Amino acid sequence: MLNEFLYCLTLMDRIMCGHRPLNLTRISNYTRSLGFVNAATYGVNSDLHICYHSCMNSRFPKLAPSLLAADFGRVAEELARVKDSGAGILHLDVMDGHFVPNLTFGPKMIQDIRAISDLTLDVHLMIEAPERSADMYIDAGADYLTFHAEACVHSHRLIERIRARGVKVGLAIVPGTPISAVEPLLDDIDLLLIMTVNPGFGGQTLIPFCVEKIRKACSLRQERGQSFLIECDGGVNDTTAGELLAAGTDILVAGSAFFASAQPEA
């Protein structure tokens, strides 16, 4: 319990402040968001600095900065910020202006990033008929390829196709889609992406009822002995991350909270 607790604290310190010295005032705020009143009870003051580096490299929950919130005119520099933060995962939101009311980028961006970065590329297709272009994103270098259950009639077929290409497959659901809608597919996926805002734009506020969906997914995973990761995307910041982690999230997608930080690499 101690290591998980400390990880939650160090993860949030990393999201908001990068490599700055750990700040116990901030840590105190995080402990309250996680439901712990007295941080000293858990050995934070004595153990936090020791656990910081080991936890960031362990099999604990991970941070995936979302390129959507980055400066597209300085992509190489933004990739370096992600790398320097130790996050290890880059979340890439592909939007088509139809499934969601926004346009971002396509396979060429993924390909160019792959050519200069060894980050794990977590590609999130927010597009209609993802089966038409899935192979293009795999060819471009995606490590994880996630599509929306709401956008694909034959989801199981596409899951099998992506897996056959040797890429990890994710299934995403919007806030209005219940976990029950994708239960039959949970055995076949590597990642379940639970949108905690309505997709399309960054900087939104987390929708509270989505947290219960994370708890439901976590409970199902445990009951069935499944191994898929739970990722949440939307409204992640130092106020909400504790609750999301406590609910069972494995990967936190953070856009504005990461890239809008004054000095995330300082």
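Summary table below
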{"item": "Protection proxy ranking, peptides 195-204, 230-239, 132-141, average beta carbon neighbours within 10 Å, highest first", "result": "230-239, 195-204, 132-141"}
{"item": "Under the Debye formula (equal points on every Cα, no solvent term), log10 I(q)/I(0) of the stretch 152-266 at q = 0.12, 0.15, 0.17, 0.22 Å⁻¹", "result": "-0.45, -0.68, -0.84, -1.22"}
{"item": "For SER180, SER219, order by how many other beta-carbon atoms lie within 10 Å, fewest first", "result": "SER180, SER219"}
{"item": "The stretch 80-221 shape via C-alpha gyration tensor axes, a/c threshold 1.5", "result": "rounded"}
{"item": "Evaluated over the stretch 100-184, the Cα radius of gyration and Dmax, each in Å", "result": "12.9, 40"}
{"item": "Volume per residue of the C-alpha convex hull in the stretch 64-136, rounded to whole Å³", "result": "84 Å³"}
{"item": "Ranked LYS108, LYS213, criterion: other C-beta atoms within 10 Å, fewest first", "result": "LYS108, LYS213"}
{"item": "Over 30 Å (Cα to Cα) - which of LYS83/LYS216; LYS168/LYS216; LYS108/LYS213 fall in this group", "result": "LYS83/LYS216; LYS108/LYS213"}
{"item": "Cα-based Kirkwood hydrodynamic radius, the stretch 194-234, one decimal, Å", "result": "11.1 Å"}
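Computed from the coordinates by the stated procedures, all read-outs in this text should not be read as laboratory data. Please read these numbers as outputs of a predicted model, since none were measured by experiment. Positions of Cβ are generated from backbone atoms using ideal geometry, with glycine treated the same way; all protein chains shown enter the neighbour counts.
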